[in-house]
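*Asks:* Pasting a structure below so you can have a look.
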Amino acid sequence: MKHLLSYSVYQDLELFGQDAAATLAGIGCDGLELLTSFEEVPQCYAPLTETVHLPYAPDWLAAWEDRPYDIDDKTALFLMYGKSREELLDSVARSIRMAEPLRPGHGVMHACNADLPCVRKHGASREDAYVIEQFCDMMNQVAERFPGGEPPFKIVFENLWWPGMRLTDNAGFRLVQDLIEFDNWGICLDTGHLMSTIPRVYTEQDGIEGVMEIVSGYDEDLLSRLSAVHFHFSASGEYRETFEEVDMGDTAPVDFYWGSYKHVSAIDQHRAFTDPSCRRIIETVSPDYVIHELPGKINGPLNDFRQQRSLLP
């Protein structure tokens, strides 16, 4: 089992000092899970990168369903992967090709969609099954662009609280299992995202108990596909119950999305565990990679990593 720190190509390496590898080793970190983009990854990240997180476009269904937002091409890339199905498929395939030289152990893809007008609503306009079906269709067509119909490294599908594969039970996994046509895929369980689907998570302990209740019910074949965990917690139950809904209205799509950052962060808090009982989650799912997704908003990512890492074997 390797312990990784999440990082991105949009961050420089100054955080780690003159010898980044030594700094990471000194805190018990085996390397980085690197958020990549649609361009070549600078060579400086290569020696530190174990896995990658492929870029995420939150409302890719807008392009997939041929109803793109009227925005410039660069913004469309990051919001929808493009303005049409073909552009979307090109973009996702390109992101995989750009990460391939890093020879990552896996590449993470969010198996969900955030309908922009619903981002600040309590409900959702899509059924999970529909989003999963469209996502699998899209990923199958992406895989067809590679030799043998297989991506060059394992693609692991991650849960969110938005419509799609939420991993609150076995059902979403079963649908993915039925529909994905290539072999080199797996599951990435995000513990904070899972907590954000569970009612009445007001404390870290609530979140741990809620996640344990769910993962204890996972079938063996789901656990065997679950090769990675994004490890952090969110105790956002009160906020999720009480936030005031906001209509998108005539607000420009990109302005509405970026204006929703504070709201999304209030739900998806990415806090470091402090309760040693969190290790039960890792012991139950036994992943190959534990990725500590800790931006360190208060104490800094390295201190948060040290804190959380100290709780695990």
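*Asks:* Run residue 191 past the list (1) touching a residue at least 40 places away in the same chain (Cβ under 8 Å); (2) over 30 Å from residue 274 (Cα atoms) and report the number of the one that doesn't hold.
*Replies:* Tallying (1) touching a residue at least 40 places away in the same chain (Cβ under 8 Å); (2) over 30 Å from residue 274 (Cα atoms), residue 191 fails exactly one: (2).
*Asks:* Let me ask another. If you take just the helices (runs of 4 or more DSSP H) that sit entirely in region 1-85, which of them hold at least 3 residues that are without any contact (Cβ under 8 Å) to a residue 12 or more places away in the chain? Give the steps one after another, and end with the answer.
*Replies:* Numbers: elements: 20-26, 61-64, 73-80.
Where helices (runs of 4 or more DSSP H) fall fully within region 1-85 and carry at least 3 residues being without any contact (Cβ under 8 Å) to a residue 12 or more places away in the chain, they are 20-26.
*Asks:* Quick check on residue 190: is it out of contact with any Ser or Thr (no Cβ under 8 Å at 6 or more places or on another chain) and surrounded by fewer than 15 Cβ atoms within 10 Å (Cβ to Cβ)?
*Replies:* The answer is no for residue 190.
*Asks:* For region 210-268, which residues satisfy the criterion of being under 19 Å from residue 174 (Cα atoms), open to solvent by 20 Å² or more (accessible area, probe 1.4 Å), outside any helix (DSSP H, G or I) and small (Gly, Ala, Ser)?
*Replies:* Residues satisfying the conditions are 216, 217.
*Asks:* Exactly one condition in (1) part of a loop (DSSP other than H, G, I, E, B); (2) surrounded by 16 or more Cβ atoms within 10 Å (Cβ to Cβ); (3) in contact (Cβ under 8 Å) with a residue 60 or more places away in the chain is false for residue 274; which is it?
*Replies:* It fails just one condition, (2).
*Asks:* How about region 90-114: which of its residues are over 24 Å from residue 32 (Cβ atoms) and either open to solvent by less than 10 Å² (accessible area, probe 1.4 Å) or at pLDDT below 95 (or both)?
*Replies:* Result: 113, 114.
*Asks:* Then there is this: Out of all the residues in region 277-302, which are assigned to a helix (DSSP H, G or I) and within 29 Å of residue 122 (Cα to Cα)?
*Replies:* Within region 277-302, 278, 281 qualify.
*Asks:* What are the residues in region 116-155 that are polar (S, T, N, Q) and open to solvent by 50 Å² or more (accessible area, probe 1.4 Å), if any?
*Replies:* Those that are polar (S, T, N, Q) and open to solvent by 50 Å² or more (accessible area, probe 1.4 Å): 125, 141.
*Asks:* Which of the following residues is under 25 Å from residue 151 (Cβ atoms), of a type in the set (S, T, N, Q) and open to solvent by less than 70 Å² (accessible area, probe 1.4 Å): 23, 51, 75? Step through it out loud before you land on a result.
*Replies:* Working: 23 fails: under 25 Å from residue 151 (Cβ atoms); 75 fails: under 25 Å from residue 151 (Cβ atoms).
Only one candidate qualifies: 51.
The values are calculated or read from the model by the stated rules, or taken from the named source; none is laboratory data. Note that the coordinates shown come from a computational prediction; the quantities given were computed from them, not determined experimentally. As a convention, Cβ positions derive from the backbone with ideal geometry for all residues, glycine included, and neighbour counts pool all protein chains shown. The accessibility values were calculated without ligands, DNA or RNA, using every heavy atom of the protein model including side chains. Shrake-Rupley method; radii C 1.70, N 1.55, O 1.52, S 1.80 Å.
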